[in-house]
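**Q** Mind having a look at this structure? Questions to follow.
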Amino acid sequence: MLRIENLEKRYQTGDLALKGVDLEVPKGQVMALIGPSGAGKSTLIRCVNRLVQPTSGKVYLGDLELTHLGSRELRRARTRMGMIFQEYALVERLSVMENVLSGRLGYVGFWRSYFRKFPQADIDEAFNLLERVGLDHMADKRADELSGGQRQRVGICRALIQNPDLLLVDEPTASLDPKTSRQIMRLICELCDERQLAAIINIHDVLLAQMFSRRIVGLQLGSIVYDGPPEKLNPQVLTQIYGEEDWEATIEASKDVEDEEDVLEAAAALQVTRVNPPS
Amino acid sequence: MTKTPAIRRWKRPPFITNPTLRWGLWVGAAIYLAVAFGTMEIDWSRVFEGATRGQRFIASFFPPDFSSRWDSIQDGILESMWMTITSTVIGIILSVPVGLGAARNLSWRPVYLFCRGVLAVSRTFPEIILAIFFVKLFGFGPFAGFLALSVGTIGFYGKLLAEDIESMDPVPAEAIKSVGAGWLQWLNYSVQPQVMPRMIGLGIYRLDINFRESAVVGIVGGGGIGATLLTSFDRYEFDSAAAILLIIIAIVMALEYTSGYIREWVQ
């Protein structure tokens, strides 16, 4: 679904953020991208939808090469890539519904969007998605009235209503507490599974990455230094990605967590039913 | 023998580290102030002699006379209001494109410089200078006043709009860009909601300013209540002038109160 070839990004300051990255993400795969701050994780996913313009290299979404698209084609290509942000990136003074519907802006004309006259199909889909994440009763609340976890759910709805082929997820849990983090990660993974989406999830929490992803890519100073399953992450690999540290505890914890998974799953299911109000 | 630890003193480091420069600046400022006050000539005997005349002048304002010139006062007020509202609306409409162009995070470099230039020019001249200029261009009357206030509004509103856009949160704007929105949609969904509350407040504040300025502009021939005020001074009808001043004060206070109230409500 996504193929990146020899991607390079040099910022105007002269910093080389990406040093020839090659990466392929097939349809339906959720890939976790780990690495320390400044490794180039954000730059990498922003080069895909060209919020950052790559210096050289190629990015293919399906058969479409993205790095040379003109602005009109780029807009059309961006509708196929949903993005989820660290600080939720909702427009705080707009309502939850407007935030979700803004995901359809690439599909509707200016005046329709200006008067908030979206097609009924879009509105139906928005309600379906809000219901799926347990927020349909909040549709007319202003986004700044929501809690962090709720905002991130709205952010997920905005990305999914685009009906994308690919999700670009930038540190989705960095501003959330540990429990909400797990719920959000689980939700993203379930939705990717349901819709057979390819996804790149930037995440600095190694534990969460190991819990929710079957493929982990480690980025260090703009180069890929690890690409494999979560079980093969050993102290040597983590040291290579992050630097010298005692990694045994992290790896032990991740094993415990896997046993705990079922318990957590049940707890999360309970949580969702509680979030949904009886209608 | 026990060694007592040395006491470590701390003082906030001075803003200007060089002591000669620091004290030099203080002394220089003091000398300049002393000389400036010294050159100001106040002839206290003249002030004393004129005091009685001044008293008579002030006394002639009372009681304010609302009735004998009421028609022209009413015309002046209505003309001022017309000038205020039209110039605020037109000024704001024209300032939006200029403000968008003058926001560094939105605009293309040459457009940015051009729009900043427009704003700088219209902010250089106070409304009264603009009014003198437009009166010379278009003749006496409220049209010149309207133009002066409109240009003043563009400078004021455009600059504040540009600055508000420059300080907005870039992340939601990035998010709206990432869904494939067009430029106008992007403005409407990510920029406008962020700047709107403050801009509504500033628009009402500008309405308030424009009414006050409309009185000043009238004095140099730009029509409105200022013209009426000037006429009554010229005719030595100080009681009518007092009435006009009271009406201006009342309207400005009412506007200030409502604008404060509305701004609070919008936030």
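**Q** Of all residues in segment A:1-39, which are part of a loop (DSSP other than H, G, I, E, B) and within 27 Å of residue A:72 (Cβ to Cβ)?
**A** A:1, A:11, A:12, A:27
**Q** Given (1) more than 30 Å from residue A:233 (Cβ to Cβ); (2) within 10 Å of another protein chain (Cβ to nearest Cβ); (3) touching a residue at least 40 places away in the same chain (Cβ under 8 Å), where does residue A:78 come up short, assuming only one miss?
**A** Against the list (1) more than 30 Å from residue A:233 (Cβ to Cβ); (2) within 10 Å of another protein chain (Cβ to nearest Cβ); (3) touching a residue at least 40 places away in the same chain (Cβ under 8 Å), residue A:78 comes up short only on (3).
**Q** So in segment A:152-179, with the set limited to residues that are charged (D, E, K, R) and within 11 Å of chain B (Cβ to nearest Cβ), which one is nearest to residue A:118 (Cα to Cα)?
**A** A:158
**Q** Among the residues of segment B:93-103, is there at least one that is part of a loop (DSSP other than H, G, I, E, B), over 21 Å from residue B:211 (Cα atoms) and either under 22 Å from the mean Cα position of the chain (by Cα) or modelled with pLDDT of 90 or more (or both)?
**A** So far as segment B:93-103 goes, yes, one or more of its residues are part of a loop (DSSP other than H, G, I, E, B), over 21 Å from residue B:211 (Cα atoms) and either under 22 Å from the mean Cα position of the chain (by Cα) or modelled with pLDDT of 90 or more (or both).
**Q** Looking only at segment A:141-173, filter to residues that are among the hydrophobic types (A, V, I, L, M, F, W, C) and under 12 Å from the mean Cα position of the chain (by Cα); which one of those is nearest to residue A:85 (Cα to Cα)?
**A** Per the criteria, the residue is A:169.
**Q** Taking segment B:162-187, which residues are outside any helix (DSSP H, G or I), over 15 Å from residue A:50 (Cβ atoms) and either at the interface with another protein chain (Cβ under 7 Å from one of its Cβ atoms) or among the aromatic types (Phe, Trp, Tyr) (or both)?
**A** Within segment B:162-187, just B:182 meets the criteria.
**Q** Any idea which of B:72, B:122 is among the hydroxyl-bearing types (Ser, Thr, Tyr), surrounded by 13 or more Cβ atoms within 10 Å (Cβ to Cβ) and in contact (Cβ under 8 Å) with a residue 40 or more places away in the chain?
**A** The match here is B:72.
**Q** What are the residue pairs meeting all of these: first residue in segment A:99-112, first residue more than 8 Å from every other protein chain (Cβ to nearest Cβ), second residue in a helix (DSSP H, G or I) and of a type in the set (Val, Ile, Thr), Cβ atoms under 6 Å, and 6 or more apart or on different chains?
**A** Pairs found: A:99/A:154.
**Q** Same structure again: Restrict the check to segment A:37-51 and report whether at least one residue is free of Cβ contacts under 8 Å to residues at least 60 places away in the same chain and over 17 Å from residue A:221 (Cα atoms).
**A** yes
**Q** Can I ask one more? Go over the candidates B:5, B:19 one by one and state the one that is exposed (fewer than 10 other Cβ atoms within 10 Å of the Cβ), modelled with pLDDT under 85 and over 30 Å from residue B:227 (Cα atoms).
**A** Criteria check complete, one pass: B:5.
**Q** Against the condition crowded, with 22+ Cβ neighbours inside 10 Å, free of Cβ contacts under 8 Å to residues at least 24 places away in the same chain and either within 14 Å of chain B (Cβ to nearest Cβ) or within 28 Å of residue A:186 (Cβ to Cβ) (or both), how does residue A:69 come out, does it pass?
**A** Judged against the criteria, residue A:69 is not a match.
**Q** For segment A:213-236, which residues satisfy the criterion of being surrounded by fewer than 22 Cβ atoms within 10 Å (Cβ to Cβ) and under 17 Å from the mean Cα position of the chain (by Cα)?
**A** A:214, A:215
**Q** Inside segment A:86-113, can you point out the residues that are exposed (fewer than 15 other Cβ atoms within 10 Å of the Cβ) and either part of a helix (DSSP H, G or I) or under 23 Å from the mean Cα position of the chain (by Cα) (or both)?
**A** The one that is exposed (fewer than 15 other Cβ atoms within 10 Å of the Cβ) and either part of a helix (DSSP H, G or I) or under 23 Å from the mean Cα position of the chain (by Cα) (or both): A:111.
**Q** So, one more: Which members of segment A:40-66 meet the condition of being away from chain B (no Cβ under 14 Å), out of contact with any Cys (no Cβ under 6 Å at 6 or more places or on another chain) and not in a helix (DSSP H, G or I)?
**A** Listed by number, the residues that qualify are A:40, A:55, A:56, A:57, A:58, A:59, A:60, A:62, A:63, A:65.
The values are calculated or read from the model by the stated rules, or taken from the named source; none is laboratory data. Fair warning: this is a prediction, and the values are worked out from it, not measured in the lab. Note that each Cβ is placed from the backbone with ideal geometry, even for glycine, and that neighbours are counted across all protein chains shown.
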